[in-house]
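Here's the structure we're looking at; comments come further down.
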Amino acid sequence: MSILDKIKSLFGGGKSSGTQKSSSSGYEGVIKKFHYKKGFGFIKSSELDSEVFVHHTDADFKIREGNKVRFKIQDTDKGPRAVEVTFLAKGKPPQRRRKSNRDSR
């Protein structure tokens, strides 16, 4: 819970749908998972406790796994969502495990 959230809770202001929170410059993170056919994925940031949902319509570029991004967070009914997502640097996509061709008997 951020300091701002703690202050809001003291004065009766909880999380509301559509509330945007973050520092003025936002957060930095890496696209960890992205489902290209469905158009959504998740961003991992060392500044946050959990991964943040991202939808392709909130980015001004073609989202690729491994890319470094800057974003702000919007609280929604379904949880935090990355908005105003901007590209910072190209990164290596995470390595996928290959299925073994060996027979398991």
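The values are calculated or read from the model by the stated rules, or taken from the named source; none is laboratory data. A quick note: this is a predicted structure, and the numbers were derived from the prediction, not measured. Because the Cβ atoms are built from the backbone with ideal geometry, glycine has one as well, and the counts that use them run over all protein chains shown.
Worth pointing out:
- Answer residue from region 41-55, given it is over 8 Å from the mean Cα position of the chain (by Cα) and small (Gly, Ala, Ser) and is surrounded by the fewest Cβ atoms within 10 Å (Cβ to Cβ) among those: Ser46
- Considering (1) crowded, with 17+ Cβ neighbours inside 10 Å; (2) at pLDDT 90 or above; (3) on the phi > 0 side of the Ramachandran plot, the lone condition that Lys32 does not fulfil carries the number (3).
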